[in-house]
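Participant: Below is the structure I would like to discuss, written out as structure tokens.
The values are calculated or read from the model by the stated rules, or taken from the named source; none is laboratory data. Since the model is a prediction, treat every value here as computed from it, not as a measurement. Note that we place each Cβ from the backbone using ideal geometry, even for glycine, and neighbour counts take in every protein chain shown.
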Amino acid sequence: MNKSESNAKLIIFIELLFSALPLIIVFILHIALKKPLKEIFYSTDISFISVAVFGQTVIRFMSGIAKSQTKKNWQRIAFISSLLFIVGVVPSVSYLIIIYSNNAVSKIVYWLQFIWFVLAMFSYWIIGTIGQMYLDE
């Protein structure tokens, strides 16, 4: 790992911590108030964070590409940004709407919400790092 990549990963890690901050606060509150921790996963907070992180991923990647001096294949860029939006943002917003508007939600939806949260964090770690490296070049 070169210095540019390690600096980019550090920046992305810090931003991921800030993105997860609402969840960390809810976690601390549940411990302090002696509420069951599993209740955290039955709220819309996770979907809100997923939407924001997938959005950040697209913005970081596109900003890096726009600033980069090297010529890029526009088809790949369009594919990656479309994939992030269609596979990331749309399902996250859908889970948010389903959970927010319905009291009798299947546990599968909550699991899917959590899986998309993990996907959001992972995609930002990988694609956000690439975008940050382009920004730093």
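Participant: Starting from residues that are under 17 Å from the mean Cα position of the chain (by Cα) and of a type in the set (Val, Ile, Thr), keep the ones in the stretch 26-72 and report whichever is modelled with the lowest pLDDT.
Facilitator: For the stretch 26-72, the residue satisfying everything is 44.
Participant: Something else about it: Of all residues in the stretch 117-133 being within 10 Å of residue 5 (Cα to Cα) and of a type outside the set (Val, Ile, Thr), which is surrounded by the most Cβ atoms within 10 Å (Cβ to Cβ)? Working first, answer last.
Facilitator: Narrowing the stretch 117-133 to residues within 10 Å of residue 5 (Cα to Cα): 129-130, 132-133.
Retained after the next criterion (residues that are of a type outside the set (Val, Ile, Thr)): 132-133.
On the way: 132: 23, 133: 19.
Of everything passing the filter in the stretch 117-133, 132 is surrounded by the most Cβ atoms within 10 Å (Cβ to Cβ).
Participant: Please return the ranges of helices (runs of 4 or more DSSP H) entirely within the stretch 24-137 where 1 or more residues are over 27 Å from residue 10 (Cα atoms) and aromatic (Phe, Trp, Tyr). Let's see the steps before the verdict.
Facilitator: Values: elements: 45-67, 74-83, 90-101, 107-123, 129-136.
So the answer is 74-83, 90-101, 107-123.
Participant: Check residue 85 against each of (1) within 13 Å of the chain's Cα centre (by Cα); (2) of a type outside the set (Ser, Thr, Tyr); (3) surrounded by 15 or more Cβ atoms within 10 Å (Cβ to Cβ) and name the one condition it does not meet.
Facilitator: Every condition holds for residue 85 apart from (3).
Participant: Looking at the stretch 22-41, which of its residues are of a type outside the set (Val, Ile, Thr) and exposed (fewer than 11 other Cβ atoms within 10 Å of the Cβ)? Spell out how you get there, then give the answer.
Facilitator: Initially, the stretch 22-41 is screened for residues of a type outside the set (Val, Ile, Thr), giving 22-23, 27, 29-30, 32-39, 41.
Within the stretch 22-41, 32, 33, 34, 36, 37, 38, 39 qualify.
Participant: Give the residue that is farthest from residue 124 (Cα to Cα), with candidates limited to residues of the stretch 1-54 that are touching a helix residue (DSSP H, G or I) at 6+ places or on another chain (Cβ under 8 Å) and of a type in the set (Lys, Arg).
Facilitator: 35
Participant: Quick one: which of 25, 40, 46 is out of contact with any Leu (no Cβ under 8 Å at 6 or more places or on another chain) and under 27 Å from residue 101 (Cα atoms)? Break it down into steps so the answer makes sense when it comes.
Facilitator: Working: 40 fails: out of contact with any Leu (no Cβ under 8 Å at 6 or more places or on another chain); 46 fails: out of contact with any Leu (no Cβ under 8 Å at 6 or more places or on another chain).
Step by step, each of 25, 40, 46 is checked, and only 25 is out of contact with any Leu (no Cβ under 8 Å at 6 or more places or on another chain) and under 27 Å from residue 101 (Cα atoms).
Participant: Which of (1) at pLDDT 90 or above; (2) among the β-branched types (Val, Ile, Thr); (3) in contact with a helix residue (DSSP H, G or I) (Cβ under 6 Å, 6 or more places away or on another chain) does residue 90 not meet, given it meets every other one?
Facilitator: With (1) at pLDDT 90 or above; (2) among the β-branched types (Val, Ile, Thr); (3) in contact with a helix residue (DSSP H, G or I) (Cβ under 6 Å, 6 or more places away or on another chain) applied to residue 90, the lone miss is (3).
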